[in-house]
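**Q** Structure provided below as C-alpha cells; questions to follow.
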Amino acid sequence: MKDKKILKGFFFGASSCFLGIVILILVLEVSGIMNLSGVLAIGGPYNALEHKILNKVNTLEFYINEYFLDEIDNEKMADSVYKGVVKGLGDEYAAYYTAEEYQDIMEKTNGIYCGIGAYISTDAATGMVTIVSPMKNSPCEKAGVKSGDIIYAVDGKEVTGEEISQVQALVKGVKGSKVVLTVIRGVEQLDITVIRDNIEEDTVSSQMLDNQIGYIRVESFEMVTPKQFENALKKLEEKGQKGLIIDLRDNGGGLLDSAVTMLDRMLPKGVVVYSKNKKGEKQEYLAESDDSFDKPLVILVNGGSASASEVFCGAIQDAGKGKLLGTKTFGKGIVQGVFGLDDGSAIKMTTARYYTPKGRNIHGKGLVPDIELELKEKMQKLPESGQEIDNQVKAAFDYLVGEGY
C-alpha cells in the first residue's frame, strides 16, 4: 500500500489495513489462452479453502478456453476478479477501483476536474442514476440536461446499477471531448451530447434573506468546501447577519477533514467526532481554533443528509449550538478506509464506526431533527422581499426571527 486518502462519502479512522490472507491472482495470456490458475497464499502450503478456490478457477479456465467464442480481455477479466473478491465481503460500501477509476475519484474530491458538471445520485433500490441538478453554466446545463433526468447509458454503456463513482468516471474526460448521455425524461428517451470542460465545483452557495437571516446551501463536503463555506459566512456577516440557516438536505457526505474544518469554525474547542476500529482503538477529531459561531442557527436535513453531513449535524446538536429541522437523516455511522495500491488501483472497505461527541452512533438510525417537518410542494413567500422559499426554509426563518436574534 502506498497511500491512504479521504474520499467522498467515506471516512478514515483506522491507522492501517491488515488482510490475514492475501490472495494473488495472476492473469496471463499465452497464445490467446486464459490462465487464472496462479492462486497463491502467503506463508506456505495451500489450506483446504485455497485448494477449493484453485480447483474452481482451473475448472472455469478450462470451460472459458474451450468454449468462449470471442477474444478474451485478460485485463478486464483480472479487474473483474479483484472486484469480485471485494464484493464477497458483503460490505455495501466496499469496492475495488482500477487505477483509472481511482484517479477520477481523486480528481472529484479535489473539487476541480474535467467533466459535464452535474450532481448525480443513485437509487439503492432500483439502481437508477439520476441527475439531481446540473451546475450553473455547466456543459451539462448548456446541452439541455435537466434535473430529474435518469441516465440510462453513457456513450452506449448502460449504467443502471453501477456504483456512482464509476458513473462519474465515465462522464469525465479530456477538455473538449464529447460524451453522449442517454437519458429517460418522462416517457421519452433522449441522446444528449455534452462537451466536457474544466469544472471547479461550487459546493457552497449563499444569500441574505429578510430580517438579516443568512442562508448557506452546502451541496457536498469536498476539499474546496471549507474555504467556500468560510467565504460565504464572511460575506453574510459583513452584511449584518443576525441568524443563519445551513441547508444540508440531500447532501450525501464527503470528506471528514472538510466537515471537521467547518465545525472548527462553528464550535468551541473540543471533540467534534470520534471513531473506533475493530480493535477498539479510538481516534478523535477536534475543533482547535478560537473561532465559534455565536448566533442562532438552524440546519435543514432530510433522508438524503448522510455521512459527513451527519457528522456536522451531530456535533452541532450535541453541543446545543443549533437546531436541526426537517426529517430524519439517512443514518450512515460507519467509516470506510480507502487504500491506494502500488499499481495505482485502490480498495475501499468499512474499517470503523464513528460517534458524535456524546457517544451516539447513528448507523441505521439517523439523527432525529429537533423540529420535525415534512417538505411540501407549495412554495411560500417571505414577508418583506416576497422571495419564494419552501416550507422548511420558511419554518427555519420563522424560528430564527421568533428567537429575536
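A short reminder: the numbers here are calculations on the coordinates, not readings from a lab. Not measured: the values here are computed from a predicted model. Positions of Cβ are backbone-derived with ideal geometry, glycine not excepted, and every protein chain shown enters the neighbour counts.
**Q** Suppose each label sits 7 Å from its Cα in the direction of the beta carbon; what would the residue 365-residue 65 distance come out to in nanometres?
**A** 5.5
**Q** To continue, here is another question. Could I have the simple spin-label model distance between residue 137 and residue 384, label points 7 Å from Cα toward Cβ, reported in nm to one decimal?
**A** Going from the residue 137 label point to the residue 384 one covers 2.9 nm.
**Q** In sequence order, what are the phi-derived ³J(HN,Hα) couplings for the range 292-307 according to the Karplus relation 6.51 cos²θ - 1.76 cosθ + 1.60 with θ = phi - 60°, rounded to whole Hz, with x for glycine and proline?
**A** So the Karplus estimates, Gly and Pro as x, are 7, 7, 10, 10, x, 9, 10, 10, 8, 9, 7, x, x, 7, 9, 6 Hz.
**Q** Considering amide H positions built from the backbone, and no H for Pro or chain starts, which residues 5 or more places from residue 197, or on another chain, come under 5 Å of its amide H?
**A** So residue 197 has HN proximity to 115, 176.
**Q** How many percent of DSSP beta bridges within the chain run antiparallel, rounded to 5?
**A** Of those bridges, close to 80 percent are antiparallel.
**Q** Turning to a different aspect of this structure: Need one number: nm distance between label points at residue 121 and residue 284, each 7 Å from Cα along Cα→Cβ, rounded to one decimal.
**A** With each label placed 7 Å out from Cα toward Cβ, I get 3.5 nm.
**Q** When the chain is modelled as a GNM with alpha-carbon springs shorter than 10 Å, which of 102, 354, 67 fluctuates the most?
**A** With Cα springs under 10 Å in the chain, the top fluctuation among 102, 354, 67 is at 67.
**Q** Okay, moving on. Compute the relative contact order of the chain as a whole-number percentage, counting only Cα pairs closer than 8 Å that sit 6 or more residues apart in sequence. It would help to have the intermediate numbers written out before the result.
**A** Details: 873 pairs, mean separation 67.8, N = 405.
Answer for the chain is 17 percent.
**Q** Taking every pair of alpha-carbon atoms in the range 190-280, what share in percent sits in each 5 Å bin, from 0 to the bin with the longest distance?
**A** Whole-percent P(r) values from 0 Å outward: 3, 12, 18, 19, 17, 12, 7, 5, 4, 2, 0.
**Q** Rounding to the nearest 10 and keeping the result within 0 to 90°, find how far the Cα-based axis of helix 391-402 lies from the longest principal axis of the chain.
**A** Once rounded, one gets 40 degrees.
**Q** Shifting gears a bit: Using the alpha-carbon atoms, what tilt in degrees (0 to 90, nearest 10) does helix 225-238 show relative to the longest principal axis of the chain?
**A** For helix 225-238, the angle is close to 10 degrees.
**Q** Moving on to the next point. What ranking do 312-321, 370-379, 87-96, 145-154 get when scored by the average of other Cβ atoms within 10 Å per residue, highest first? Mind showing how you got there, number by number?
**A** Numbers: 312-321: 21.7, 370-379: 11.3, 87-96: 14.4, 145-154: 18.6.
For the peptides 312-321, 370-379, 87-96, 145-154, the packing ranking is 312-321, 145-154, 87-96, 370-379.
**Q** Okay, next question. Any idea what diffusion coefficient the range 269-340 gets from Stokes-Einstein, in µm²/s, Kirkwood Rh on alpha carbon pairs, 10 °C, 1.306 mPa s? The partial results should precede the final answer.
**A** On the way: Rh = 13.8 Å.
Translational diffusion coefficient: 115 µm²/s.
**Q** Still on this structure, please answer the following. Mind checking the full-extension length gain between residue 91 and residue 358? Use 0.36 nm per residue of separation minus the Cα-Cα distance, one decimal, nm. Write out the running numbers ahead of the final one.
**A** On the way: separation 267, 0.36 × 267 = 96.12 nm, distance 2.70 nm.
Using 0.36 nm per residue and subtracting the Cα-Cα distance, I get 93.4 nm.
**Q** Ranked highest first by average number of other Cβ atoms within 10 Å, how do 323-332, 128-137, 206-215 line up?
**A** Details: 323-332: 22.1, 128-137: 17.3, 206-215: 19.2.
Ranking, from highest mean packing down: 323-332, 206-215, 128-137.
**Q** Per q in 0.09, 0.11, 0.12 Å⁻¹, report the Debye log10 I(q)/I(0) for the chain, using one uniform scatterer on each alpha carbon and no solvent.
**A** Each listed q corresponds, in turn, to -0.63, -0.90, -1.04.
**Q** Next question, about the same structure. To the nearest 500 deg cm²/dmol, what mean residue ellipticity at 222 nm is calculated for the chain from DSSP H runs of n ≥ 4 alone, each contributing -39,500 (n - 2.57), summed and divided by the residues?
**A** Helix-only estimate at 222 nm: -8500 deg cm²/dmol.
**Q** Something else now. Kindly express, to the nearest 10 degrees and within the range 0 to 90, the angle between helix 308-319's C-alpha long axis and the longest C-alpha principal axis of the chain.
**A** It is inclined by approximately 40 degrees.
**Q** Can you give the % of DSSP beta bridges in the range 289-396 that are antiparallel, to the nearest 5? Present the calculation step by step, with values, prior to reporting the outcome.
**A** Numbers: 9 of 15 bridges.
Taking every DSSP beta bridge within the range 289-396, about 60 percent pair in antiparallel fashion.
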